[in-house]
Structures are given as C-alpha cells and as structure tokens.
Amino acid sequence: MAMFIRVDVDQAIVAKTEGLAAKLVEVCPVKIFAPGSNNGVQVVEANVDECTLCDLCMRASPDGVKVVKLYEH
Amino acid sequence: MRLYEFEAKRVLAKHRIPVAPQKLANTAAEAEAAATELGGPVTLRAQVLSPKLLKAGSVESAATPAEAAKKAAKLLDLDDGGRKPKGVLVLKKVDAGADYSLAVTYDGTRKLPVMIAATVPGNVEDIADQHPGKVARRHFSALLPFSDYTAKELVSSLGIKGAELTRLTGVVSRLARLFLDYDLTQANIPSLARLADGSFAARDCYMDMEVEGRARQGAILAELGIADDDTRAVREPTAFETAGKKIDDDDPRGIVGPVVEFDGNIGLVIGAGGGSLTLTDAVIKAGGRPANYAAIGGNPSVGKAVALTKLVLSKPGVEKIAVMSNVVSNTRADLVARGVIKAIVEMGFEPKDKIAIFRVPGAWEADAVKILKKYGVDYCDRTVSISEAAKRAVEKIGA
C-alpha cells in the first residue's frame, strides 16, 4: 500500500476518451498505470510511491486523474 | 588497482629496469627449490594486497632452502582479506654499495606527476618526514613528452655524479615513462640497490593503476594475466557488500554504491558526489564509528532508497541511521525521504526512533520536509554544516 501518494482515476472519463488509457500508460515514467479492462487503466499500487510528481498524467487527463500527496493531509 | 609485486617487477623488467634475482613460488617445495637455485640467504615476500599485511607480517628471511620452505609455508597460509596470497616471491639477498628509493606519483596540490628520489631506502614519504635533506622532487607534465633532462636534474640534486648519475637517470626516466604509459597512480621502488659493478637492481616495487585506466590498458593487463573481473579489492566482499551491489544492479535508476561494510554502529545513508566521503570522514572526526559506507545518488528510485535503508538497518549493531548529503541537485530529497521512511515503517519501526538525523538539502527539499514532519522526524537544512550534522548524529547514536 502506498504511503505517500494516492492516484485517483475516474475510469468513466478514461474509458470514454479514445486513446487516453494508452496515453496514461505511455507517459508515466514510473509505470503507475497499466492497461485495464473496458478501455480503462489499472493503478499499479506497488509503483505509486515512486511517483515523481511530474504531472504528465494530469496533463493528459486533467479531469480523469488526480495525484494526491498524502503527506500534505 | 594494486599490482602484485611480482607483476610490478615484470613491468619494470619489460622496461629495462633490472630487478634483483627472484623466483615466484606457489608452494613451500617451490620456494625451497627457488632458494636452492638462487643460492645463499633469501628474502620471502608473500604476494598480498591487504594494506595491513603489506605494512607488516608478509616478509620473512631465510638462510637456507629448508628454512625458506618452512617460512614460505607460513606465508602462503596468510589471510589476505579472505584470500590466500598469490604465491611467495623468493628474492636473493644482494649486496648493495648504496641503496636508493624512487617513487613517481601525482601531487594533488600541484596537479602534476612528481618524481621523488632519496639516497636511503624506504618509503619516500617517511624518508621525507625523517630525513628531508635526503629527498629530492621534480614535477613533470602528464601532457608533454617526458624529458630525460628532468630526471637528470632530480638525480643530480641529490649530489650524485659521473657514471652513477647517468645510470640512475636512466632508471628514473624509464620509471616516469612507464608511470605515464600505464596510467599508474604510483610506481615505487623503495629499495634500488647499486651493485658492485655499478648497475642497479630493484629489490622491492609496488604499483597502482588508475581503475579508469583499465579499459586503455588491456594489452599490459593481458600480458600480466589480470582478468577483467579481477578487481584487486583489498579484501573479498562481505555478504553485506554483495547485497549492496545487488541493490544497485537490480534497479538502473540512480546509484547505490559502493557499499562498504565497517564494524561500527552508525548506519550511513549518505550521498552527493564527494559529499559521502566527506560525511564519513566527518562522522569519524566527531568520534563516531560508521557501520558502513553507502553512497546513494544520481536520483535513485524510492525502491532503491528503501532497499538500501533496510540493508543498513538490518546490520547487527545498527540501531539508528544518519541520512545525510551535501546539497543535492541531481537527487531528490523527497524521494530519499520517502524511501528511508517506507523502509523503516515496513520493518515495523517508528521513523523518529531510527533516523538520528536527516540532512538532504536541495531538490524537492520542501516536500521532504513535509514528509519528515508527518512522521515526526526533525529535518536539518543546509544551515547545519556537514560537520555539525555528523556531530549531532554521533551524539544521538553514541560512539
């Protein structure tokens, strides 16, 4: 379980946007996203704490992905 | 990378610097045969790399071949940092009309190679301390072609004249040239005997090659039979060190290493270029006893920091770790903080109980501070000097 970062994904938004799931898998430098079912993505929990806070996923889908710093809460 | 004495002497001989009559023996019987062949009293030198053994305990004298066999057996049984000696060098004792010492090394202050000669045998640095009047030095360029004249100036400055000046100049010149040709960091002949006929013979020799020079020095290394995987470490790696190397090998992100095990109690997770060496020295200077040296940098992953922290904290006798670095730009303080804390929590401890000090100023420091604060760990910023950070770590952990 990740201790420092949480990645929230709105699967409905990802699924309805053509190519977004593949884009998320592609842009993340630490492999937090993996292809999921029904055109969605899975969050690879083991990699979440490796998040470099690059924001590339949030830029790819400002409404569909949210990265939360747990240490700020 | 240290060459064994017998290898260094092969290099000397290749470059027409004579060596005293000698034979390499791998068994007591071979040592006895070598002593018989050489005739007369002999000196036996175990071929070792351990600095401790090189200082004392690896040399014996024998008056007869039988005694040579007995003493060779003892030397061949030495523990050279987890290895056995690579044979025993059996040297014929030669009478010397005079005995000199020569050394070529780098002068870190002048940033130039320097030749050093003394009119007495021994380690030139010790001679310089004890008999400064018997030592002469000359710097030379590592870029321009070497000039024999510089060597002649060096020898002449010791008051040596005539044929001896000419002969010794040749030895010094050849030593300086092979120093440059083979990327050596030192080429020392602590005992260069002048024989009855006026010629010279090296009785003792050691050489160190720059590790980065290995790629360029394939030919001589092959000639000496030194394999690519022969690292010439002063001792075999411990299980702790092997585990540290595996952490680095398993994840290409960032660097962990070299990991070196010591026998102290202060676990070190340290980094930032030369900062890790400075920090280790600072801990020792503050009276602390490091349990390890383990540099982390080059923007390691959180997982790499987790693995290193777990390794250091799992070492028997290590109760706390000091996480310190110089100011970092290519390593993120927040990722190091995440890794260290995650490791401690996964091991079932409270971070504040295991981290004696956390001083990693630089990139993403603000996030590191928030992470540490959440887990009750105090943070030291760059206003706390490396020396002060080391002192605080030693005070918290105890020497």
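The values are calculated or read from the model by the stated rules, or taken from the named source; none is laboratory data. What you see is a predicted model, and the numbers here were worked out from it, not measured in a lab. Here Cβ is always computed from backbone atoms with ideal geometry, including for glycine, and neighbour counts include all displayed protein chains. The protein model used for the area step is the full one, side chains on, heavy atoms only, and it has no ligands, DNA or RNA in it. Shrake-Rupley method; radii C 1.70, N 1.55, O 1.52, S 1.80 Å.
General observations
- Only Lys, Arg, Asp and Glu carry charge here, each on its Cβ (+1 for the first two, -1 for the last two); on that basis chain A has a dipole of about 80 debye about its Cα centre.
- Rounded if a/c under 1.5, otherwise prolate or oblate - region B:239-397, Cα gyration tensor axes: rounded
- Ordered from largest to smallest accessible area (heavy atoms of protein chains, 1.4 Å probe), the residues B:Glu67, A:Glu18, A:Glu26 come out as A:Glu18, A:Glu26, B:Glu67.
- Summing Lys and Arg as +1 and Asp and Glu as -1 over all other residues whose Cβ lies under 12 Å from the Cβ of B:Ile116 gives a net charge of 0.
- Projecting the Cα atoms of B:Val394, B:Val104, B:Ala29 onto the charge dipole of chain B, computed from C-beta unit charges around the Cα centre, puts B:Val394 farthest toward the positive end.
- Inter-label distance for B:Phe262 and A:Ala34, nm, one decimal - labels placed 7 Å from Cα along Cα-to-Cβ: 4.2
- For region B:62-70, 3J(HN,Hα) per residue [Karplus equation, 6.51 cos²θ - 1.76 cosθ + 1.60, θ = phi - 60°, Hz, x = Gly/Pro]: 9, 8, 10, x, 5, 5, 4, 4, 5
- Ranked from largest to smallest solvent-accessible area, with a 1.4 Å probe on the protein heavy atoms, A:His73, B:His15 come out as A:His73, B:His15.
- Taking other residues whose beta carbon is less than 13 angstrom from the beta carbon of B:Gln22, and scoring Lys, Arg as +1 and Asp, Glu as -1, yields +2.
- Percent of beta bridges antiparallel (DSSP, chain B, rounded to nearest 5): 75
- Here region B:22-92 is treated as an ellipsoid with the same Cα gyration tensor; its semi-axes, largest first and in whole Å, are 20, 11, 9.
- Over region B:207-268 - Rg/Rh using Cα atoms and the Kirkwood inverse-distance radius: 1.05
- In Hz, Karplus ³J(HN,Hα) per residue of region A:2-18 (6.51, -1.76, 1.60; θ = phi - 60°; x = Gly, Pro): 5, 9, 10, 10, 10, 10, 9, 10, 8, 4, 5, 5, 4, 5, 7, 9, 4
- For chain B, the relative contact order is 12 percent, taking Cα pairs closer than 8 Å that sit 6 or more residues apart in sequence and dividing their mean separation by the residue count.
- Angle of helix B:28-38 to the longest C-alpha principal axis of chain B, folded into 0 to 90 degrees and rounded to 10: 40°.
- Principal-axis analysis of the Cα atoms of chain B puts helix B:302-313 at an angle of about 70° to the longest axis.
- Each of B:Ala294, B:Val283, B:Ile247 was scored by the projection of its Cα onto the charge dipole of region B:239-397, and the greatest displacement toward the positive side belongs to B:Val283; charges sit on the C-beta of Lys, Arg, Asp and Glu.
- Descending principal axes extents, the protein assembly as shown, alpha-carbon based, whole Å: 95, 49, 46
- Taken about its Cα centre, the protein assembly as shown carries a charge dipole of about 780 debye when Lys and Arg each add +1 at the Cβ and Asp and Glu each add -1 at the Cβ.
- Helix-only [θ]222 nm of chain B, DSSP H runs n ≥ 4, -39500 (n - 2.57) each, per residue, nearest 500: -11500 deg cm²/dmol
- Candidate aspartates and glutamates - alpha carbon under 16 Å from B:Lys71, same-chain residues fewer than 8 apart omitted: B:Glu30, B:Glu32, B:Glu60, B:Asp79
- Estimated distance in nm for a label pair at B:Leu144 and B:Asp249, the labels positioned 7 Å out from Cα along Cα-to-Cβ: 4.7
- Solvent-free Debye scattering, log10 I(q)/I(0), computed from the Cα coordinates of chain A at q = 0.16, 0.20, 0.22, 0.26 Å⁻¹: -0.48, -0.75, -0.90, -1.24
- Partner aspartates and glutamates for B:Lys370 [C-alpha distance under 16 Å; skip if fewer than 8 residues away on the same chain]: A:Asp49, A:Glu72, B:Asp334, B:Asp378, B:Asp381
- Normalised contact order of region B:185-232, rounded percent, pairs of Cα under 8 Å and 6 or more residues apart: 30
- Under 26 Å of direct C-alpha separation, and excluding same-chain neighbours fewer than eight residues apart, B:Lys74 reaches these lysines: B:Lys9, B:Lys23, B:Lys52, B:Lys55, B:Lys84, B:Lys86, B:Lys92, B:Lys93.
- Which of B:Lys52, B:Lys354, B:Lys74 is most accessible, then next, and so on - probe 1.4 Å: B:Lys52, B:Lys74, B:Lys354
- For q = 0.19, 0.21, 0.27 Å⁻¹, Debye-computed log10 I/I(0) when each Cα of region B:322-399 counts as one equal scatterer: -0.75, -0.90, -1.34
- Unit charges on C-beta of K, R, D, E only; dipole of chain B, Debye: 480
- Viscosity 0.692 mPa s, temperature 37 °C, Stokes-Einstein D of chain B from Kirkwood C-alpha radius, µm²/s: 137
- The value of relative contact order for chain A, using C-alpha pairs under 8 Å at least six residues apart, is 44 percent.
- Over the C-alpha trace of region B:286-345, radius of gyration and Dmax come out as 11.6, 33 angstrom.
- Here the convex hull built on the C-alpha positions of region B:122-272 has a volume of 205 cubic angstrom per residue.
- Chain B: angle of helix B:162-181 to the longest principal axis, Cα-based, in degrees nearest 10: 30
- Heavy-atom accessible area, 1.4 Å probe, ligands and nucleic acids excluded: residues of region A:36-65 down by at least 10 Å² from chain alone: A:Asp49, A:Glu50, A:Cys51, A:Thr52, A:Leu53
- Rounded accessible area of B:Glu346 (nearest 10 Å², 1.4 Å probe): 100
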